[in-house]
Amino acid sequence: PSTLLYTASDWDALKTVTLSAAEDADGIDETENLSLTATGAAEYAGKNGEVTVTIIDDDQASMVAPASAVVPEGSSDNLSVALSAQPTADVRVTVTGHVATDLTPTPTVLTFTTTDWNAEQMVTLTAAEDDDFANDQIALTLTASGGGYTGVTHPVAVTITDDDVASIVAPGSAVVPEGSSDNLSVALSAQPPADVRVTVTGHAATDLTPTPTVLTFTTTDWNVAKTIVLTAAEDTDFTDDQVVLTLTASGGGYARVTHPVAVTITDNDVASVVAPGSAVVPEGGTSDLSVALSSPPTADVRVTLTGHATTDLTPTPTVLTFTTTDWNAEQTVVLSAAEDSDFANDQIALTLTASGGGYAGVTHPVAVTITDNEEASVVAPASAVVPEGGTSDLSVALSSPPTADVRVTLTGHATTDLTPT
């Protein structure tokens, strides 16, 4: 109670006054002077006492801020800061620990007064982009000074979450001419913490040879493009080859990272019928014409011979069939030349025409000469008998059809008794 009553019988009994101290937010010990004033009995009139009471504050001067923060790389986030208790004067809070990092706090100094000490102030944390793909850990320290807060600190662990992805930087496709080479450039997307090996696979049992098949990138040359030479061997077909290479990384945070490269080998072979360009057949005889294909077809190919109709030439057979397995095995066409009654060589233009298996529209000409076996001569008896004073007939003709009029002149009778008419 605030009043105590003593009587003549209990004047010497100790009585208790309970002193209760309310909570406040200032963090300061307070001192109060209590006065004890007696009234009533004349001998106690005007008798006073004094008690000095100290309220021991239970508030601790500290900063109210999160213990950690997460900031996406290339972005920002806010850090709220306030004081735990009312200061006795202005308090400056300084942010440190960000120098030589990718983190920029704005502002780096906050000022709290005795009136706004519990009003949150914001520090904007901005994370710059970097080349690696690791999260950065930065230990900020908030340090207070003034107003009873001198020496008070508060740590904030900031994590910058990286937005870079570990990947292999290379084209998704490449074109290599058959019998030639082309370069494939390879690099990494982000700085690794250790060496990274990139291995090339997928070329086994193909006409493609990559050199080298293993590249090594370090923490310093990760973004310097290295070259793989892609070499395409010659083959016997005439189709473009498709080879899917796989670049597989290992080490340095790139484990199991892959990158496909679709390589097209452009074929330099031409689909053609392999046969002589000319042939000679004796009249009344035969000659063989060998025929094959230049490259493996995709299906059966039929080769048909034309151009011999209404001539003295007969090819046998007139149709050849080549498969995907015997395309380069020569097949024989027998060219037969019939007898005729002239004595001129015949010229015949055969055409071999292919169809199917990627050979549609492919043709091959063969110029055939039939060498004639006829000899130009005058047909007449070798001798004749004529009775003196009489006559006899001499029959004359030609052995073969001439190419123009032929005049046959009789001589040797001059100054003789013989007269031809």
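With each label modelled as a point 7 angstrom along the Cα→C-beta vector, the Ser62-Thr231 pair spans 7.1 nm. The accessible surface of the chain, taken with every protein chain in place and a 1.4 Å probe, is 53 percent carbon and sulfur. Once percent of Cα pairs over 28 Å apart is calculated for the structure shown, the corresponding label among (1) 47; (2) 77; (3) 58 turns out to be (2).
You can think of it this way: the chain between Asp116 and Thr31 has 28.1 nm of extra reach, that is 0.36 nm per residue less the Cα-Cα gap. The accessible area of His413, taken with all protein chains in place and a 1.4 Å probe, comes to roughly 60 Å². Here the spin labels are modelled as points 7 Å beyond Cα on the Cα-Cβ line, and at Glu375 and Thr220 they lie 9.5 nm apart.
Under the criterion of Cα pairs below 8 Å and six or more residues apart, the relative contact order for the chain equals 9 percent. Ligands, DNA and RNA excluded, the heavy atoms of Trp117 present near 30 Å² of accessible surface to a 1.4 Å solvent probe. The dipole here belongs to segment 337-399: it is taken about the Cα centre, uses +1 on the Cβ of Lys and Arg and -1 on the Cβ of Asp and Glu, and is about 360 debye. Taking a ≥ b ≥ c as the square roots of the eigenvalues of the Cα gyration tensor, segment 365-421 is classed as prolate, since a/c reaches at least 1.5 and a/b is larger than b/c. Taking the DSSP beta bridges with both ends in the chain, the antiparallel portion is around 85 percent. Using DSSP to call loops (not H, G, I, E or B), can you name the GluC sites (Glu not before Pro) in segment 1-109 whose Cβ has at most 13 other Cβ atoms within 10 angstrom? When the GluC sites (Glu not before Pro) of segment 1-109 are filtered for loop state and at most 13 Cβ neighbours within 10 Å, Glu23 remain.
Computed from the alpha carbon positions, the gyration tensor of segment 284-421 leads to an equivalent ellipsoid with semi-axes of 56, 12, 9 Å, biggest first. Please give the contour-minus-distance gain from Leu19 to Ala349: 0.36 nm per residue of separation, less the Cα-Cα distance, rounded to one decimal in nm. Here the answer is 105.5 nm.
How much length is gained if the chain between Val280 and Ser180 is pulled fully straight, taking 0.36 nm per residue apart and subtracting their Cα-Cα distance, in nm to one decimal? Spell out each step's value before the answer.
Numbers: separation 100, 0.36 × 100 = 36.00 nm, distance 4.05 nm.
Taking Val280 through Ser180 to full extension adds about 32.0 nm, to one decimal.
Look at the dipole of the chain built from charges on Cβ: of Val257, Ala157, Thr286, the Cα furthest out on the positive end belongs to Ala157.
Within the chain, the longest run free of trypsin sites (Lys or Arg not before Pro) that sit in a DSSP loop with at most 12 other Cβ atoms within 10 Å is 48-255. The residues of segment 146-187 have, on average, 43 Å² of accessible surface per residue, using a 1.4 Å probe with all protein chains present.
Between the beta carbons of Ser395 and Thr421, assuming R0 = 25 Å, the FRET efficiency works out to 0.95 to the nearest 0.05. For the residues Thr266, Thr3, a 1.4 Å probe over the protein chains yields an accessible-area ranking, largest first, of Thr3, Thr266. Beta-bridge orientation, segment 153-302: approximately 85 percent antiparallel, per DSSP, counting only bridges with both partners inside. Heavy-atom accessible surface of Thr141, to the nearest 10 Å², is about 50 Å², with a 1.4 Å probe and all protein chains retained. Taking the Cα centre of segment 229-336 as origin and assigning +1 to Lys and Arg Cβ atoms and -1 to Asp and Glu Cβ atoms, the resulting dipole is close to 400 debye. Protein heavy-atom accessible surface, 1.4 Å probe, per residue over segment 192-340: 47 Å². Kirkwood-type hydrodynamic radius, segment 101-153: 13.5 Å, calculated from all non-identical alpha-carbon pairs.
The values are calculated or read from the model by the stated rules, or taken from the named source; none is laboratory data. What you see is a predicted model, and the numbers here were worked out from it, not measured in a lab. Reconstructed Cβ throughout: ideal geometry from the backbone, glycine too, with neighbour counts over all protein chains shown. When the accessible area is computed, the model is the full protein with side chains, heavy atoms only, and any ligands, DNA or RNA have been set aside. Shrake-Rupley method; radii C 1.70, N 1.55, O 1.52, S 1.80 Å.
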